[in-house]
Number of protein chains: 2
Amino acid sequence: MKLGEGVEAAIHCASMLASVEGDATMPGAAMAESFGLSPSYLLKHLNMLSAARILESVPGPAGGYRLARPAERITLLDIVLAVEGREPAFRCGEIRRNGPVKLDASAYVKPCGINAAMLKAERAYRAALAETKLSDIVADYATEGDPRSFAASCAFVARHQRPQKSSSILQPPKQT
Amino acid sequence: MKLGEGVEAAIHCASMLASVEGDATMPGAAMAESFGLSPSYLLKHLNMLSAARILESVPGPAGGYRLARPAERITLLDIVLAVEGREPAFRCGEIRRNGPVKLDASAYVKPCGINAAMLKAERAYRAALAETKLSDIVADYATEGDPRSFAASCAFVARHQRPQKSSSILQPPKQT
DNA sequence: GGGAAGGTACTCGGATATGACCTGTCCGAGTAGGAACGG
DNA sequence: CCGTTCCTACTCGGACAGGTCATATCCGAGTACCTTCCC
C-alpha cells in the first residue's frame, strides 16, 4: 500500500501541461527544473503517460510534451493507472487451495469472498479518482491557491512553452 | 499501488481464527500448512497483527494465536493497516516548492489540491474496507462458499485448535 | 503413593541473508532550425 | 538575391547501475507437559 513518488510528479506535470496554450509543447527538462527533479528520471514517467495516450510527445528542438486530449477528459485515475499499472493492488493468490488437503477444482468455482471485498474497496478508490478531472485540479489551483504561486507558475509556463509550426500559421511569427 | 501478499495471508488466518471455539488457540505453523506458506514468514505477519492488538499470542506447547476481540469488531481495514502500515499510500512531497524560483513560505499555507484529491480517494478506500467486518467474511464463506471446502476448513480447525487450561475447567479433559 | 524438581518438546519473537522493484543515470536515435555554399 | 545542402543543437527514447523495501530463513527466549527422583 504505497504509491511511487512518480505519481505525484506525473500529476503535477500534467496539470502544468494543461496550462499551455493550443498545441504548444513544453520540454520535460523544463518541468523537471520546475519541480527540482531529475530530468532523465522524469522522462521515464512522462514516457509512460504518452504510452497511455494521455500525453503526446514531439521530438526535435521545438519538441516536448502536451496533453493528448482536453483536460476535462483526463482524470486522476488515468494518470495513476498509467504510472502505477492497471493491475489491482490486491492480487488474490488463491492460497486457500494451497493446503495439503486437495479438493476437486469444482469446489473453488465461486470467487474468494476476501478477494471480492478487497476489490470492492479498490473500485471505490478508483471511482473517487475517476471523478476528479485534471481541469478540476487546475481550476482549484487557480481559485484556491496562492496568487503568487499561481502567477509564478503561469510565468514559468509562458517562458518555457514552445509553439508548434502549424500554430505559427495562425499567428505570424514576426510582425516586423 | 501494490499490496504485499502478506495481506492476503493475514486475512485468511484471521478468518480461520474466527472459527476457533472460545479462547482456544491455533499455532501459526498449522495455518501456514493450511495455506502452503512458509511458517517462519507467516509468523512475521501474525506478529504484526498481535502488535496491533488484533490477535493475542500464547507461548508454550499449547500456545498459538487467537482473536483479541470478537470478529464482529474486527474490520478488514484493521488488518490491512496493521500489515501495510498506517501511512497513506500517497505522500505529498511538496515538489511544487522545489523549483528554482523561491517564494515565501506563506504562499504554501494552503494544502496541495492534488494531495487533497488523492487523500479523498484513499479515505473512500479505507471506508469501504472499514464497513466489511471479519464476521461478514466468515458468514459469507459459510453460506456462499462450497460446502466441501467449508467442511474441510472446519475439520482442519477442529483438528489443530488447542483448548486452553482455563477452558478445560468448563470441559473436563477426559471422561475416562 | 504423593509431591517436587528437572528435562524436553513445542510455541512465539526478533535478528539476519536474499531478491525484486523503484529510483536515478547515462548514451543513442531522430528532427527542426540555422548557417554556409552554390546558382 | 534565392534555393539547396549540410551541420549543429536540442528533444525524446530506451538501456544500464544503485538503493530500499518486501520476502524468506534461521536461531534464541519462554512456557507447559512429562518423566524422574526424593520423601
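Here is how the numbers come out for the structure above:
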item	result
Single unsatisfied condition, A:Lys102 versus (1) facing chain B (nearest Cβ under 7 Å); (2) at pLDDT below 95	(1)
Out of A:Asp136, A:Asp140, sole residue that is facing chain B (nearest Cβ under 7 Å), open to solvent by 60 Å² or more (accessible area, probe 1.4 Å), free of Cβ contacts under 8 Å to residues at least 40 places away in the same chain and within 19 Å of the chain's Cα centre (by Cα)	A:Asp140
Hits in the range B:143-162 (condition: more than 17 Å from B:Ser34 (Cβ to Cβ) and open to solvent by less than 50 Å² (accessible area, probe 1.4 Å))	none
Flag for A:Ile95 being β-branched (Val, Ile, Thr) and either more than 10 Å from every other protein chain (Cβ to nearest Cβ) or within 16 Å of DNA strand C (Cβ to nearest atom) (or both)	no
Filter result (within 13 Å of DNA strand D (Cβ to nearest atom) and within 14 Å of chain A (Cβ to nearest Cβ)) within the range B:34-58	B:Phe35, B:Gly36, B:Leu37, B:Ser38, B:Pro39, B:Tyr41, B:Leu42, B:His45, B:Met48
Of the criteria (1) open to solvent by less than 60 Å² (accessible area, probe 1.4 Å); (2) in contact (Cβ under 8 Å) with a residue 24 or more places away in the chain, which one B:Ala51 fails	(1)
Any hit, the range B:59-75, residues being within 15 Å of DNA strand D (Cβ to nearest atom), at negative phi and in contact with a Phe, Trp or Tyr (Cβ under 9 Å, 6 or more places away or on another chain)	no
The range A:70-124, residues that are open to solvent by 50 Å² or more (accessible area, probe 1.4 Å) and in contact with a His (Cβ under 9 Å, 6 or more places away or on another chain)	A:Arg96
Residue list for the range A:45-71, restricted to those being more than 11 Å from DNA strand C (Cβ to nearest atom), in a helix (DSSP H, G or I) and closer than 22 Å to B:Ala117 by Cα	A:Leu46, A:Leu49, A:Ala71
Residue check for B:Glu5: open to solvent by 60 Å² or more (accessible area, probe 1.4 Å), within 10 Å of chain A (Cβ to nearest Cβ) and not small (Gly, Ala, Ser)	yes
Single unsatisfied condition, B:Asp23 versus (1) under 9 Å from the mean Cα position of the chain (by Cα); (2) open to solvent by 10 Å² or more (accessible area, probe 1.4 Å)	(1)
Odd one out for A:Gly63 among (1) within 30 Å of B:Tyr125 (Cα to Cα); (2) surrounded by fewer than 18 Cβ atoms within 10 Å (Cβ to Cβ)	(1)
Count of residues meeting criterion [assigned to a helix (DSSP H, G or I) and either over 17 Å from A:Val83 (Cα atoms) or open to solvent by 20 Å² or more (accessible area, probe 1.4 Å) (or both)] in the range A:32-44	8
Qualifying positions in the range B:18-31 - near DNA strand C (Cβ under 9 Å from one of its atoms) and either of a type in the set (A, V, I, L, M, F, W, C) or part of a helix (DSSP H, G or I) (or both)	B:Met26, B:Gly28, B:Ala29, B:Ala30, B:Met31
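The values are calculated or read from the model by the stated rules, or taken from the named source; none is laboratory data. Computed from a predicted structure; not experimentally measured. So basically every Cβ, Gly included, is an ideal-geometry build from the backbone, and we count neighbours across all protein chains shown. Quick note on the areas: whole protein, heavy atoms, side chains included, nothing else; ligands and nucleic acids left out. Shrake-Rupley method; radii C 1.70, N 1.55, O 1.52, S 1.80 Å.
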